[in-house]
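Step one of this worksheet: look at the structure below.
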Amino acid sequence: MAETAQYTPRTRLIITEATRPALRRFVRLHHDAGRGRTVLLAPERIVEPDEIAVDVLKLCDGSISLGAIAVELAKTYDAPELDIRADITDLLQDLADKGYIKDHSIGDDR
Amino acid sequence: MVMIDESTARAEIICANAPEGMLAELTHRCPLQCAYCSNPIELERVNHEMTTAEWKSVFTQAAEMGVLQIHLSGGEPTLRTDLEEIVAHTSALGLYSNLITAAVTIDRARLARLVDCGLDHVQISFQDADPENSNRIGNIKGGFDKKIAVAGWLAEMDVPLTVNAPMHRQNIDNLEAVIDLAERLGAIRLEVAHVQYYGWALKNRAALMPTYAQTMRSAEIVARAQERLKGIMGIDFVVPDYYALTPKPCMGGWASRFLNVTPSGKVLPCHAAESIAGLKFDNVRERRLRDIWMDSTAFNAFRGTEWMREPCRTCDRREIDFGGCRCQAFAVTGNAANADPACAKSSFNLGLVAMAEREAETAPPPFVYRRFQKAVV
């Protein structure tokens, strides 16, 4: 295997306030009409995010940072920004560890 | 008086109880001959395979009843020359498509066409990280190099890859190399799946069964790799349940979450279900998919817990593991309604474990390769 000579180990994406998150191309937010819910369709997995997580994911288009998403949702839910930011970070880190999230702030736009 | 639109109400009930995933065995033809193939011993021949139009109708019906993900499998699904049309159809229906392939019969141009048609994800089987042993296990010359090439094309096309590595005594000592290979190929997921023993694998059990020590070591290697590769590559581990104390919750319960359609249109609650003698399976050429799912003899045979006898009937795990695997219960005890013999509560369990240990300590017999001719018993 010639290509292994140039192999660069992949690294774990760590979610921070500066992350500009987006779903990877192969992960789809899907309205499951039959069951009246929204799901994430991913390779051999179906994830059922709660309503707040769905609101977060709808804002994850790679154009704005996690910090900005927290500001926006803090207004929507009339909740402390710090709490919202912590919740979003946990949610997105969990999804990033499944391989579903990319970070446009570091030029990862695949 | 309450007004209810009956057809709407029925559709809602069906969707709420429908399986989320469906395995479509497009063909039983395959260039590989793995001795643990999950296809039945009696393989379905090409002249019995459903037409393109019939398969498209099946996928339309699946989407209507609430299926979300389609696993295009075989045999080798790329041997169907209409695969592009099938993928385009599932994509138009909004289904998430997964191609389960040995990746030895597809070139770059065709892969690109399938991706253009909307293919979402590809799973490639690797028989070992050692090329020679991989080709020996699949009984195919040059197969390994082709798999490596296809994995490389997927990375270039930014299509997610799962590596599927069936584990048994003839490759288990290379597990660390298999994990390294999957990581280097850029896989987002790796399935380390110990072979499950029914059908072809049962026939070849003595050639495949690892020792208890090998099994435990494989679990430790996987646990370490899961920690090291967190956020880089997910690893799913399917344990060999002969050495477990409790059985696997097979299929999440019979006819509960899973649906399989064979090349000729038979609808099964799991891919091995035909190994259970006496069950009759309905065909999508004769009945609608949702009717078979909701109300067919084979699907209702072991649904829920009503069918259970002791020790399952009063077991506090009956809603957790659902009595384990019906196919394994039939294969080992002769009655599919018995507890899975992999359960320590089964009267067959001690004999099963002793047999596994005895076989694993003896030199492996040659493989009975999976072939279309009637197998020698």
Original post:
How big is the antiparallel share of DSSP beta bridges in the protein assembly as shown, given as a percent to the nearest 5?
Top reply: 30
**OP:** Give, as a single signed number, the net charge of other residues whose beta carbon lies under 13 Å from the beta carbon of residue B:321, with Lys and Arg counted +1 and Asp and Glu -1.
**Re:** +1
Subject >> Most mobile of A:21, A:49, A:80 in a GNM of chain A (Cα contacts under 10 Å) >> reply: A:80
**OP:** Could you work out, residue by residue across B:127-137, how many beta carbons of other chains sit within 10 Å of that residue's beta carbon, and then give the average as an integer?
**Re:** 0
Subject >> Buried solvent-accessible surface, both chains (A, B), 1.4 Å probe, Å² to nearest 100 >> reply: 2800
**OP:** State the three equivalent ellipsoid semi-axes of region B:1-134, derived from the C-alpha gyration tensor as the square roots of 5 times its eigenvalues, in descending order and whole Å.
**Re:** 33, 17, 14
Original post:
What residue among B:92, B:360, B:207 has the largest mean-square fluctuation in a Gaussian network model of chain B, using Cα springs under 10 Å?
Top reply: B:92
Original post:
When the Cα centres of region A:69-110 and region B:273-323 are compared, how far apart do they sit, in Å?
Top reply: 43
Original post:
When only C-alpha pairs under 8 Å and at least 6 residues apart count, what is the relative contact order of region A:52-108, in percent?
Top reply: 34
Original post:
So what is log10(I(q)/I(0)) for chain B at q = 0.06, 0.09, 0.14, 0.15 1/Å, when the Debye sum runs over its Cα atoms only?
Top reply: -0.23, -0.52, -1.33, -1.52
Subject >> When each of B:203/B:266; A:102/B:266; B:56/B:280; A:58/A:98 is checked by Cα-Cα distance, pairs over 29 Å >> reply: A:102/B:266
Original post:
Using θ = phi - 60° and the Karplus curve 6.51 cos²θ - 1.76 cosθ + 1.60, what whole-Hz ³J(HN,Hα) does each residue of region B:226-232 get, with Gly and Pro shown as x?
Top reply: 4, 5, 5, 9, 4, x, 10
Original post:
Just by accessible area at a 1.4 angstrom probe, what is the order of B:172, A:64 from largest to smallest?
Top reply: A:64, B:172
Subject >> DSSP-assigned coil residues among trypsin sites (Lys or Arg not before Pro) in region A:7-109, each with at most 16 further Cβ atoms within 10 Å >> reply: A:10, A:12, A:25
**OP:** May I ask you to list the trypsin sites (Lys or Arg not before Pro) in region B:227-307 that are in a DSSP loop and have at most 13 other Cβ atoms within 10 Å of their Cβ?
**Re:** B:230, B:280, B:285
Original post:
Stretched out fully, how many nm does the piece from residue B:371 to residue B:109 gain, at 0.36 nm a residue minus the Cα gap?
Top reply: 91.4 nm
Original post:
For the protein assembly as shown, what is Rg from Cα atoms divided by 2.2 N^0.38 Å, rounded to two decimals?
Top reply: 1.00
Subject >> Mean Cα-pair separation over length for chain B, i.e. relative contact order, pairs under 8 Å, 6 or more apart, % >> reply: 19
Original post:
Viscosity 1.567 mPa s, temperature 4 °C: Stokes-Einstein D of region B:226-377 from its Kirkwood Cα radius, in µm² per second?
Top reply: 74
Subject >> Contour excess over end-to-end distance, with Cα ends at residue B:303 and residue B:358 and 0.36 nm allotted per residue >> reply: 16.3 nm
**OP:** Quick one: net charge around residue A:84, please, counting Lys, Arg +1 and Asp, Glu -1 for every other residue with C-beta under 10 Å from its C-beta.
**Re:** -2
**OP:** Counting only C-alpha contacts under 8 Å and six or more residues apart, can you give the relative contact order of region B:180-290 as a whole percent?
**Re:** 24
Subject >> Spin-label pair residue B:206/residue B:223, simplified geometry with 7 Å Cα→Cβ offset, distance in nm >> reply: 3.4
Original post:
What shape does region B:123-241 take by its C-alpha gyration tensor, where a ≥ b ≥ c are the square roots of the eigenvalues and a/c under 1.5 counts as rounded, a/b above b/c as prolate, and the rest as oblate?
Top reply: oblate
Subject >> Estimated FRET transfer efficiency when R0 is 45 angstrom, pair residue B:288-residue A:25 (beta carbons, to 0.05) >> reply: 0.85
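What 222 nm value per residue comes from the helices of chain B, counting each DSSP H run with n ≥ 4 as -39,500 (n - 2.57) and dividing by all residues, nearest 500 deg cm²/dmol?
Helices in chain B give a 222 nm mean residue ellipticity of -10500 deg cm²/dmol.
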Original post:
For residue B:42 and residue B:54 in the same chain, what is the full-extension length gain: residue separation times 0.36 nm, less their Cα-Cα distance, in nm?
Top reply: 2.1 nm
Original post:
Along the Cα-to-C-beta direction of residue B:149, a point sits 7 Å from the Cα; which residues of region B:88-110 have their amide N less than 15 Å from that point?
Top reply: B:102-110
**OP:** For region B:264-327, run through the GluC sites (Glu not before Pro) and keep only the ones in DSSP coil with at most 15 other Cβ atoms within 10 Å of their Cβ.
**Re:** B:286, B:306, B:319
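The values are calculated or read from the model by the stated rules, or taken from the named source; none is laboratory data. Just so you know, these numbers come straight off a predicted model, no measurement behind them. Neighbour counts run over all protein chains shown; Cβ positions are idealised from the backbone, glycine included. With ligands, DNA and RNA removed, areas are computed over all heavy atoms of the protein, side chains included. Shrake-Rupley method; radii C 1.70, N 1.55, O 1.52, S 1.80 Å.
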